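Working notes, structure below.
The values are calculated or read from the model by the stated rules, or taken from the named source; none is laboratory data. What you see is a predicted model, and the numbers here were worked out from it, not measured in a lab. Because the Cβ atoms are built from the backbone with ideal geometry, glycine has one as well, and the counts that use them run over all protein chains shown.
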Amino acid sequence: MTSIIDETAPPVPRSANTSAATSTWLADLGTTLRSGAVFILLAALLIGFSTAEPAFANLGNLMSILQAVAVVAILGAGVTVTLAVGGFDLSIGAIAASSVMAASYAMIVWGLDTYATVPLVLAFGALIGLVNAFLIVRLKVPDLLATLSMMFLLSGLQLIPTAGRSISAGLILPNGTTASGAYDPAFLLIGRASLFGIVPVSVVLMALVAIALFVLTERTRIGRLLFATGGNEIATRLAGASTARLKTLAYVISGTLAALGGIVVAARVGRGDVSSGGSLLMDAVAAALIGFTVLGKRRPNVLGTIVGAVFVGVLLNGLTMLNAPYYTQDFVKGAVLVGALALTYGTGRSTSS
Amino acid sequence: MPLLHVDALSRSFQSTRALVNATLIIDAGEIVALMGANGAGKSTLVKILSGVLPADSGLITLNGQTYAPRTPAEAAAAGVVTVHQSTDLVGAAGLSVADTLLLTRFSQRGQPFFVSRASIRRQAQAILDIAGFDLPLDRDFADLTAADRQLVAIARALANRADLLILDEPTASLSIAESQRLFSILKRLRDGGLAILYISHRTADLEAIASRVLVMRGGAVAGAFKRPIDFSAAIETMIGRKLQSARPGIRLAEGAPVLELRDARLLPGSAPFDLTVHTGEVVAITGVLGAGKSRLLSAIFGAGRLAAGEMYLDGRRHRPQTPAEAIAAGVAMAAEDRHRSSLMPADWPGSSLAATISLPHLAKWYPHGLLFGGRERREAEKAIDRLHIKASGPLAPITSLSGGNQQKVVLARWEAEPSRLLLLDEPFQGVDVGARHDIIQAIRSRSDRATLIATSDPEEAHEVADRILIIDHHSLVAAPQGTPSDLPQEIHA
């Protein structure tokens, strides 16, 4: 940390040769520390929590941490893609919440099974993404405003079919009849089963999404063009790419992933709760922003988002085990976010100038 | 006693030594031109003088007193004011000229909290009176021409007592007439005792107003030239080698026509014109800012539309709706202002030299979609060799390159795949003489395509083209055949 303080101090006149070498060395150290900061802190947290509370380190608890962050990580990956094209999707929390309701409605009211419900809900998410993209790309509504209004619209829409009631087996519909369907046991496995009894299915889904989106954004030409759109939209268009299509793709991915997150929540809870998904948006955005700091990238990146989500999960789980009160959770998340961003941007500037 | 005495000024950035014992003197009442290739240390010197950066070592005295400003405000208080190149940052849309002139005053402590329109007008007029020129006080800043913005910036800089005015490339976006107006204002200020440090690449400007020329190279002042100024010697000092003419013999339009425009109108009300560009020919279109050069190129590239008329590419109807369609038809365009139109921001994916070149060709080079195989790396290495790009390697961040080398990379992007017609809009913006020479040679070395260049600088047009066309009021007004020396007189003025 001394190196960082040294860099920001106003340089005093000094002889060029020795000081240049020293400051280069210190700058290198500073860069290394910054890029590894999240990993170093994560390791410190893991060691600290396991010393203080040995139960923290057992496999079951670690898996439950991952299970707890799976939904946030999946949504965060979607946010990352919209950030890459220079947009922002504020509707993901609402898409996830209404996907919970949609999945429950499909199974309980319409009596559909897993194989019909999952594609239906994913298509619903993709459709919302498409509508977002239409507002943003065609009608030129600024992205924050478009997705914010979509968020409002969806939080209201999800209440209408059931007249504001949560959905569980035996739901009484607005027309007085009783719904006959029930949650498909196979559907519940998505949220509750574990592979080989160890790895929860939701964690597997998170890993698959992470790998797929990492490859898409960092290793394919589509990913390059997505980032190019966010980096310099004019240049991307003049290079012959269709930025409208690229943005649409980003919002469709984001919407679909949010719906997938909703499916995982529904499968875990086993009912369509009107208040589910309350903090998903803020947590996913926080994960994506903490992701900026990972490896010192200072830009949206999928790997960073996953690490960011896990980091917050570890911190909250550890603090809970150490009996920190629940109401401190948001404060802790906020402090991590502020600290991470201050570290990335505040100290990064002096070396780049 | 000189006004400003800079003695053995040095400044390093990590391992790069930007200024090495730079020494110079400026007297009151003279215009000193500062020339230097990109990376010669001009901007570092200006930043130190204007209080943006501190020096590592060395001494500056101003009016006999030690001068080491820590902020631009301190520099201004000591009498050194700077007008930077991008004058659109001087004000903002929604502010009137009067507001813009008083912007710095609004932020000073001790000024009244409430302001009235009348007092703003009165104070703004007072500022214009000091500078000695007229501007429409009630006009919105966004509606001003580049030249007027420049004047607003100068007037504001001179509002408080100033001894030294630093101008960074002030004519970069001005037309010839506007430049002339600026020059007469600068001469008047000079006669009033103001010292002016004038940074520019344009020898014509320096010829017109400089009392002396200082040339920087490698972080030091490498040469000083008094009137009459020997510019070819100055330029040789600047680039450190002999300057050969970049221009081989003029080629006559012998190849088949590549691009033809018939009865084209750029705006509904503008005069129609025809244009033909042949294979192997380099044609330059020159004219003042806003004459329609970019509009014409954009229409050919599918980024804009003709108001009327037809275009033909290799005899076939050419009507691109998007740049993608134009590229598919064999048209390439390196648009004006590379930072806005071609480059990715620093630290962003695609901001490396290789990725800058590959952006339009990703689908062709990576048909399976995955970025494996190192094609863009190989193409970048080829480009580095061919265009003498100075960079640490194909993966060097584009922002680590000097302006001239960035422009070479942009050119390399569009030369990486064959094209029928290459459009270049202001390809020499912020490019030093050495790099300009390389770029011109690269452009002229190809005979398998047609090249159409738009530039507001007739000197540049003359250096690069086989044929020069003049555009005015959105129409080609003169198309002299043969050599560029047949140009109408006003273009040389």
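Quick check, is A:Thr117 over 28 Å from A:Gly313 (Cβ atoms) and buried (at least 21 other Cβ atoms within 10 Å of the Cβ)?
In short, no.
Could you list, in sequence order, all residues of the range A:298-338 that are within 14 Å of chain B (Cβ to nearest Cβ) and of a type in the set (S, T, N, Q)?
Residue satisfying the conditions is A:Asn301 alone.
Output the residues belonging to the range B:326-345 that are at the interface with chain A (Cβ under 7 Å from one of its Cβ atoms) and either over 24 Å from the mean Cα position of the chain (by Cα) or surrounded by fewer than 22 Cβ atoms within 10 Å (Cβ to Cβ) (or both).
Selection gives B:Ile327, B:Arg340, B:Ser341, B:Pro345.
So which pairs qualify, if the first residue must be in the range B:108-135 and in contact (Cβ under 8 Å) with a residue 12 or more places away in the chain, the second must be among the small types (Gly, Ala, Ser) and surrounded by 11 or more Cβ atoms within 10 Å (Cβ to Cβ), the Cβ gap must be under 7 Å, and the two must be at least 6 apart or on different chains?
Within 7 Å, the pairs are B:Ile120/B:Ala98; B:Arg121/B:Ala98; B:Ala124/B:Ala98; B:Ile127/B:Ala155; B:Ile127/B:Ala159; B:Leu128/B:Ala155; B:Ile130/B:Ala159; B:Ala131/B:Ala155.
So which of B:Ile327, B:Ile285 ends up being in contact with a Phe, Trp or Tyr (Cβ under 9 Å, 6 or more places away or on another chain) and hydrophobic (A, V, I, L, M, F, W, C)? Walk me through how you get there before you give the answer.
On the way: B:Ile285 fails: in contact with a Phe, Trp or Tyr (Cβ under 9 Å, 6 or more places away or on another chain).
Result of the check over B:Ile327, B:Ile285: B:Ile327.
Condition check: out of contact with any Gly (no Cβ under 6 Å at 6 or more places or on another chain) and under 26 Å from B:Phe428 (Cα atoms). Does B:Ala335 satisfy that?
yes
Looking at this structure, is B:Ile357 assigned to a helix (DSSP H, G or I), within 12 Å of chain A (Cβ to nearest Cβ), surrounded by 24 or more Cβ atoms within 10 Å (Cβ to Cβ) and not hydroxyl-bearing (Ser, Thr, Tyr)?
For B:Ile357, the condition - assigned to a helix (DSSP H, G or I), within 12 Å of chain A (Cβ to nearest Cβ), surrounded by 24 or more Cβ atoms within 10 Å (Cβ to Cβ) and not hydroxyl-bearing (Ser, Thr, Tyr) - is met.
Residue-by-condition table, conditions (1) among the aromatic types (Phe, Trp, Tyr); (2) farther than 17 Å from B:Asp138 by Cβ; (3) out of contact with any Cys (no Cβ under 6 Å at 6 or more places or on another chain); (4) more than 14 Å from every other protein chain (Cβ to nearest Cβ):
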{"position": "B:Thr66", "(1), (2), (3), (4)": "no, yes, yes, no"}
{"position": "B:Arg70", "(1), (2), (3), (4)": "no, yes, yes, no"}
{"position": "B:Ala73", "(1), (2), (3), (4)": "no, yes, yes, yes"}
{"position": "B:Gly79", "(1), (2), (3), (4)": "no, yes, yes, yes"}
{"position": "B:Leu102", "(1), (2), (3), (4)": "no, no, yes, yes"}
{"position": "B:Phe106", "(1), (2), (3), (4)": "yes, yes, yes, yes"}
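Using beta carbons and a limit of 6 Å, which pairs, at least six apart or on different chains, have the first residue in the range A:148-159 and farther than 20 Å from A:Tyr105 by Cα and the second one surrounded by 15 or more Cβ atoms within 10 Å (Cβ to Cβ)?
Note: pairs meeting the criteria are A:Leu148/A:Leu90; A:Met150/A:Ser91; A:Met150/A:Asn132.
Do we find a residue being within 14 Å of another protein chain (Cβ to nearest Cβ), touching a helix residue (DSSP H, G or I) at 6+ places or on another chain (Cβ under 6 Å) and at positive phi anywhere in the range A:222-239?
No - not one qualifying residue is present in the range A:222-239.
Which residue, of B:Leu296, B:Leu362, B:Leu371, is more than 11 Å from chain A (Cβ to nearest Cβ) and buried (at least 19 other Cβ atoms within 10 Å of the Cβ)?
Result of the check over B:Leu296, B:Leu362, B:Leu371: B:Leu296.
When the residues of the range B:49-65 are filtered to those that are of a type in the set (A, V, I, L, M, F, W, C) and touching a Leu at 6+ places or on another chain (Cβ under 9 Å), which remaining residue is surrounded by the fewest Cβ atoms within 10 Å (Cβ to Cβ)?
Looking at residues that are of a type in the set (A, V, I, L, M, F, W, C) and touching a Leu at 6+ places or on another chain (Cβ under 9 Å), I get B:Leu59.
Taking A:Arg245, is it without any contact (Cβ under 8 Å) to a residue 12 or more places away in the chain, closer than 24 Å to A:Leu135 by Cβ and touching a Pro at 6+ places or on another chain (Cβ under 7 Å)?
no
Evaluate the following for B:Gly304: is it within 9 Å of another protein chain (Cβ to nearest Cβ), touching a Lys or Arg at 6+ places or on another chain (Cβ under 7 Å) and without any contact (Cβ under 8 Å) to a residue 12 or more places away in the chain?
The answer is no for B:Gly304.
Would you pick out the residues in the range B:321-345 that are over 19 Å from A:Leu225 (Cβ atoms), in contact with a Leu (Cβ under 9 Å, 6 or more places away or on another chain) and without any contact (Cβ under 8 Å) to a residue 60 or more places away in the chain?
none
If you take the residues in the range A:160-207 that are of a type in the set (S, T, N, Q) and either assigned to a helix (DSSP H, G or I) or touching a residue at least 24 places away in the same chain (Cβ under 8 Å) (or both), which one is surrounded by the most Cβ atoms within 10 Å (Cβ to Cβ)?
A:Ser202
Yes or no: the range B:308-325 includes at least one residue that is assigned to a loop (DSSP other than H, G, I, E, B), over 26 Å from the mean Cα position of the chain (by Cα) and within 9 Å of chain A (Cβ to nearest Cβ). So that I can check it myself, show each step before the final result.
Initially, the range B:308-325 is screened for residues assigned to a loop (DSSP other than H, G, I, E, B), giving B:314-315, B:318-322.
In the following step, the residues that additionally are over 26 Å from the mean Cα position of the chain (by Cα) were identified as B:314-315, B:318-322.
When the remaining residues are screened for being within 9 Å of chain A (Cβ to nearest Cβ), the result is B:322.
Yes - at least one qualifying residue is present in the range B:308-325.
Being touching a residue at least 60 places away in the same chain (Cβ under 8 Å) and either more than 10 Å from every other protein chain (Cβ to nearest Cβ) or at positive phi (or both) narrows it down to one of B:Ser402, B:Ser392, B:Ser352, so name that one.
Every option except B:Ser402 fails the conditions.
Please count how many residues of the range A:265-320 are in contact with a strand residue (DSSP E or B) (Cβ under 6 Å, 6 or more places away or on another chain) and assigned to a helix (DSSP H, G or I).
To start, the set of residues in the range A:265-320 that are in contact with a strand residue (DSSP E or B) (Cβ under 6 Å, 6 or more places away or on another chain) comprises A:272.
Those still in the list that are assigned to a helix (DSSP H, G or I) too: none.
Count: 0.
Evaluate the range B:40-48: report whether one residue or more is among the small types (Gly, Ala, Ser), in contact with a Leu (Cβ under 6 Å, 6 or more places away or on another chain) and assigned to a helix (DSSP H, G or I).
No, there is no match, as no residue in the range B:40-48 is among the small types (Gly, Ala, Ser), in contact with a Leu (Cβ under 6 Å, 6 or more places away or on another chain) and assigned to a helix (DSSP H, G or I).
Looking only at the range B:4-39, filter to residues that are outside any strand (DSSP E or B) and at pLDDT 90 or above; which one of those is farthest from the other protein chains (Cβ to nearest Cβ)?
B:Gly29
Among all residue pairs at least 6 apart or on different chains, which show Cβ distances below 7 Å where the first residue, located in the range B:357-373, is closer than 21 Å to B:Glu325 by Cβ and the second is aromatic (Phe, Trp, Tyr)?
Pairs that qualify, where the first residue is closer than 21 Å to B:Glu325 by Cβ and the partner is aromatic (Phe, Trp, Tyr), are B:Ser358/B:Trp365.
If B:Glu381 meets every condition in (1) surrounded by fewer than 17 Cβ atoms within 10 Å (Cβ to Cβ); (2) within 11 Å of chain A (Cβ to nearest Cβ); (3) acidic (Asp, Glu) apart from one, which number is that one?
(2)
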